[in-house]
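Trainee: Quick one: structure below, then a few questions.
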Amino acid sequence: QVQLVESGGDLVQPGGSLRLSCAASVSIISLYVMGWYRQAPGKQRELVATITSGGTTNYAGSVKGRFTISKDNAKNTVYLQMNGLKPEDSAVYYCNARSTFSIYWGQGTQVTVSS
């Protein structure tokens, strides 16, 4: 069983920055892809960004150029650097990890972008 613990969510003004962290209970080298998803009230959960074990990244069009996903294998942690935040980025952000046979989710961290 893989446990994922997110942190870093906060209230930030439009144009501001945040860095989210997702700490895994296992070596993330064993997880072939990790990612961030988000869910705003009344909306479906959507993909934000993913990173493979080899380091290949993928982004939703709405965040491309503003968000950066990265990982530190030694710390078993995946990060999401968010710059140029907009009110529409407000949501609960969830960390996701996939192994060969299973999908894991964290408990989520709230990001609110408001003046």
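The values are calculated or read from the model by the stated rules, or taken from the named source; none is laboratory data. This is a predicted model, so every value here is computed, not measured. Only protein heavy atoms, including side chains, enter the accessible area calculation; ligands, DNA and RNA are left aside. Shrake-Rupley method; radii C 1.70, N 1.55, O 1.52, S 1.80 Å.
Trainee: Provide the three semi-axes, in whole Å and in decreasing order, of the ellipsoid equivalent to the chain as defined by the square roots of 5 times the Cα gyration tensor eigenvalues. Before the final figure, lay out the partial values.
Mentor: Working: eigenvalues 107, 38, 32 Å².
Here the semi-axes work out to 23, 14, 13 Å.
Trainee: Let me ask something else. Within the accessible area of the chain, what % is carbon and sulfur when the probe is 1.4 Å and the other protein chains stay in place?
Mentor: Within the chain, the accessible surface is 48 percent carbon and sulfur.
Trainee: Taking 4 °C and 1.567 mPa s as the conditions, I'd like the Stokes-Einstein D for segment 38-82 in µm²/s, using the Kirkwood hydrodynamic radius from alpha carbon pairs.
Mentor: Value of D from the Cα-based Kirkwood radius: 112 µm²/s.
Trainee: What whole-number value in Å² describes the accessible area per residue of the chain for a 1.4 Å probe?
Mentor: Per residue, the chain has 52 Å² of solvent-accessible surface.
Trainee: Here's a follow-up. Taking the alpha carbon gyration tensor of segment 58-115, what are the square roots of 5 times its eigenvalues, largest first, to the nearest whole Å?
Mentor: Details: eigenvalues 105, 39, 27 Å².
After diagonalising the Cα gyration tensor, the semi-axes are 23, 14, 12 Å.
Trainee: Then there's this: For segment 38-51, what does the Karplus curve 6.51 cos²θ - 1.76 cosθ + 1.60, with θ = phi - 60°, yield as ³J(HN,Hα) per residue in whole Hz, taken in order and with x for Gly and Pro?
Mentor: 9, 9, 8, x, x, 10, 6, 5, 10, 5, 10, 6, 9, 9
Trainee: Using only Cα atoms, locate the centre of segment 49-102 and the centre of segment 7-30, then give the distance between them in Å, rounded to an integer.
Mentor: 8
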